[in-house]
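Visitor: Could you have a look at this structure, given as structure tokens, before my questions?
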Amino acid sequence: MKKLVAILKNKDVRERILFTLMIFLVFRIGSNITVPGVSLSESIKDTDILSLMNLMGGGALQNFSVFALGVSPYITASIIIELLSKDVLPALTELSKQGQSGRKKIEMATRYLTLVLGAVQAYGIIVTMHNSEAIVFSETLTFWVYAKIILYLMAGSMLVMWMADQITEKGVGNGVSMIIFAGIVSSLPSQIFQATSYFLTSELVTERARIIQGSLKLGLYLITLVLIIVFVTFIEKSIRKIPVQHSGTGGALNAKVNNTSFLPIKINSAGVIPVIFASSIMMAPAVIISFIVEDYTSNDVIMNVLKVFTSSALTEMTWFNGKIWYMPWGLIIYVFLTFVFSFFYSNLTINPERLAEDFQKSGTYIPGVRPGNETFRYVKKVLNRVTFLGASALTLIAAFPIVLTLLELVPSSLALGGTGMIIVVGVALETYKQIEGLIAADTHATAVA
């Protein structure tokens with residue numbers, strides 16, 4: 001309560017929050033404006049092909065709105081540029097070492113790549129949704145019609161990026177993350193209402209025992225939702241502290257001074273990126289096929305192949321005695337990719353080798369560990385152990401809603417957990433820290449004055 005009062009009393013923080021909410025309002029209005037010349041034939045289904053795009057677009061894809069692309073092209077471009085700047089492309093690696101001027105050039109390259117990826121992704125979305133009969137066009141599809149709709153979507157994506165930049169500069173939190181956060185949070189009331197209707201309303205026409213049963217199921221559903229939030233929060237806030245000391249000289253006698261601090265390594269240092277990587281790879285076959293085959297939904301061979309790359313589908317297989325059984329190959333591949341990418345991205349982000357070099361140059365060392373190769377091996381060993389826990393937790397969270405759907409405990413639209421919950425909790429924690437920092441800075445400035 002005291003924190004809330006402090007926020008309301010702080011003029012700068014209050015104005016930043018109001019500005020962010022105003023941008024959210026504009027974004028939600030735009031998310032409900034369907035692209036001109038297109039109408040929705042039915043509610044867009046939550047498939048593996050479109051669910052990630054809808055999530056990264058802040059929920060705007062389900063209406064095929066002008067903001068349907070959202071910040072997804074920018075996120076993809078940022079990941080590609082970041083990977084290339086990790087000693088893969090020398091020019092980008094050099095720019096990353098040039099400080100502020102280098103970061104500005106990298107940001108410009110990211111935006112140019114965003115335009116290219118945005119055009120490709122827009123075309124892929126149009127073809128995929130048209131083949132699934134989720135959208136209907138008011139005119140015959142020609143090159144110019146495609147170009148016009150792609151232009152609408154790219155313009156909307158650029159506007160969303162601009163709004164995200166405004167939030168970062170004048171609001172609270174990271175703008176890109178906040179846009180995604182707003183879309184996910186806006187869908188929660190609808191999801192809870194659907195859950196209430198699914199578990200309770202349909203039971204009212206039957207006997208009293210089933211009303212009680214429906215109420216218990218709804219209560220269990222809400223409790224599970226809260227427990228997932230608590231678990232994700234625990235994982236996001238868990239860190240492994242490695243004690244480090246900074247050596248230097250100070251005082252009139254040049255006495256050696258050791259300042260002890262910690263190198264924090266988050267259990268889930270990769271964040272939600274491994275899930276995005278895994279989902280993108282599993283989504284690729286369907287997107288590629290949609291470019292090549294105009295109507296693949298009637299082709300049994302193609303559909304069976306795509307089932308293998310669909311995490312929420314069961315693949316029909318024939319056992320040696322002729323019996324039919326079902327295997328969740330999509331879920332297995334999804335879990336494997338998420339787990340592997342967690343290790344890959346954590347090592348890429350922290351980079352123990354470069355960390356050991358920086359420690360040696362700055363006179364920083366880990367007590368009991370020699371500088372150089374020994375420090376590199378020690379940090380890598382700790383990072384891999386911590387990442388194993390983080391990767392296991394991330395895989396569990398990401399797979400949980402899929403397992404619920406496969407077991408037919410709840411419909412796919414009501415499945416709990418997953419990527420969205422990780423994003424919501426992570427963004428909420430980071431935004432809260434920023435607000436605390438703004439209040440502390442303002443309090444310090446007032447005290448000094």
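The values are calculated or read from the model by the stated rules, or taken from the named source; none is laboratory data. Please read these numbers as outputs of a predicted model, since none were measured by experiment. Cβ: placed from backbone, ideal geometry, glycine included. Neighbour counts: every protein chain shown. Note: areas computed on protein heavy atoms with side chains; ligands, DNA, RNA excluded. Shrake-Rupley method; radii C 1.70, N 1.55, O 1.52, S 1.80 Å.
Visitor: Among the listed residues Val136, Val172, Val160, Val145, identify the single one that is touching a residue at least 12 places away in the same chain (Cβ under 8 Å) and part of a loop (DSSP other than H, G, I, E, B).
Guide: Values: Val136 fails: part of a loop (DSSP other than H, G, I, E, B); Val160 fails: part of a loop (DSSP other than H, G, I, E, B); Val145 fails: part of a loop (DSSP other than H, G, I, E, B).
Unique residue meeting the criteria: Val172.
Visitor: Sticking with this structure for a sec: Applying the selection to segment 71-84, what residues are open to solvent by 20 Å² or more (accessible area, probe 1.4 Å) and in contact with a Ser or Thr (Cβ under 7 Å, 6 or more places away or on another chain)? Let's see the steps before the verdict.
Guide: The first filter runs over segment 71-84 and keeps only residues open to solvent by 20 Å² or more (accessible area, probe 1.4 Å), leaving 74-76, 78, 80, 82-84.
Correct list: Tyr74, Ser78.
Visitor: Moving on. Quick one: Gly183 ticks every box in (1) in contact with a Gly (Cβ under 9 Å, 6 or more places away or on another chain); (2) free of Cβ contacts under 8 Å to residues at least 24 places away in the same chain except a single one, so which number is it?
Guide: Condition not satisfied by Gly183: (2).
Visitor: Then there is this: Might you check whether a residue that is surrounded by fewer than 20 Cβ atoms within 10 Å (Cβ to Cβ), out of contact with any strand residue (DSSP E or B) (no Cβ under 9 Å at 6 or more places or on another chain), at pLDDT below 80 and within 29 Å of Ser269 (Cβ to Cβ) occurs anywhere in segment 394-402?
Guide: Within segment 394-402, not a single residue is surrounded by fewer than 20 Cβ atoms within 10 Å (Cβ to Cβ), out of contact with any strand residue (DSSP E or B) (no Cβ under 9 Å at 6 or more places or on another chain), at pLDDT below 80 and within 29 Å of Ser269 (Cβ to Cβ).
Visitor: How many residues are part of a loop (DSSP other than H, G, I, E, B) and either loosely packed, with under 15 Cβ neighbours inside 10 Å or modelled with pLDDT under 85 (or both) if we restrict to segment 341-368? Talk me through it step by step, then tell me what you get.
Guide: Just the residues of segment 341-368 that are part of a loop (DSSP other than H, G, I, E, B), to begin with: 351, 363, 366-368.
Then keep just the ones that are either loosely packed, with under 15 Cβ neighbours inside 10 Å or modelled with pLDDT under 85 (or both); that gives 351, 363, 367-368.
Total meeting the criteria: 4.
Visitor: Right, here's the next one. Closer than 20 Å to Met283 by Cα and either among the charged types (D, E, K, R) or free of Cβ contacts under 8 Å to residues at least 40 places away in the same chain (or both): is that true of Val116 in this structure?
Guide: Details: closer than 20 Å to Met283 by Cα: yes; either among the charged types (D, E, K, R) or free of Cβ contacts under 8 Å to residues at least 40 places away in the same chain (or both): yes.
Considered against the rule, which asks whether it is closer than 20 Å to Met283 by Cα and either among the charged types (D, E, K, R) or free of Cβ contacts under 8 Å to residues at least 40 places away in the same chain (or both), Val116 comes out as yes.
Visitor: What tally of residues in segment 148-175 results from selecting those that are under 16 Å from Ala68 (Cβ atoms) and either open to solvent by less than 60 Å² (accessible area, probe 1.4 Å) or hydrophobic (A, V, I, L, M, F, W, C) (or both)? Let's see the steps before the verdict.
Guide: From segment 148-175, those under 16 Å from Ala68 (Cβ atoms) are 148-161, 163-164; that's our starting set.
Cutting the leftovers down to either open to solvent by less than 60 Å² (accessible area, probe 1.4 Å) or hydrophobic (A, V, I, L, M, F, W, C) (or both) gives us 149-151, 153-161, 163-164.
The number of residues fulfilling the criteria is 14.
Visitor: Identify all residues within segment 97-115 that are among the aliphatic types (A, V, I, L, M) and surrounded by 12 or more Cβ atoms within 10 Å (Cβ to Cβ); write none if there are none.
Guide: Of the residues in segment 97-115, the ones among the aliphatic types (A, V, I, L, M) are 106, 108-109, 113, 115.
Of everything in segment 97-115, those that are among the aliphatic types (A, V, I, L, M) and surrounded by 12 or more Cβ atoms within 10 Å (Cβ to Cβ) turn out to be Ile106, Ala109, Leu113, Leu115.
Visitor: Tell me, yes or no, whether segment 27-42 has at least one residue that is at pLDDT below 85 and out of contact with any strand residue (DSSP E or B) (no Cβ under 7 Å at 6 or more places or on another chain).
Guide: For segment 27-42, residues at pLDDT below 85 and out of contact with any strand residue (DSSP E or B) (no Cβ under 7 Å at 6 or more places or on another chain): present.
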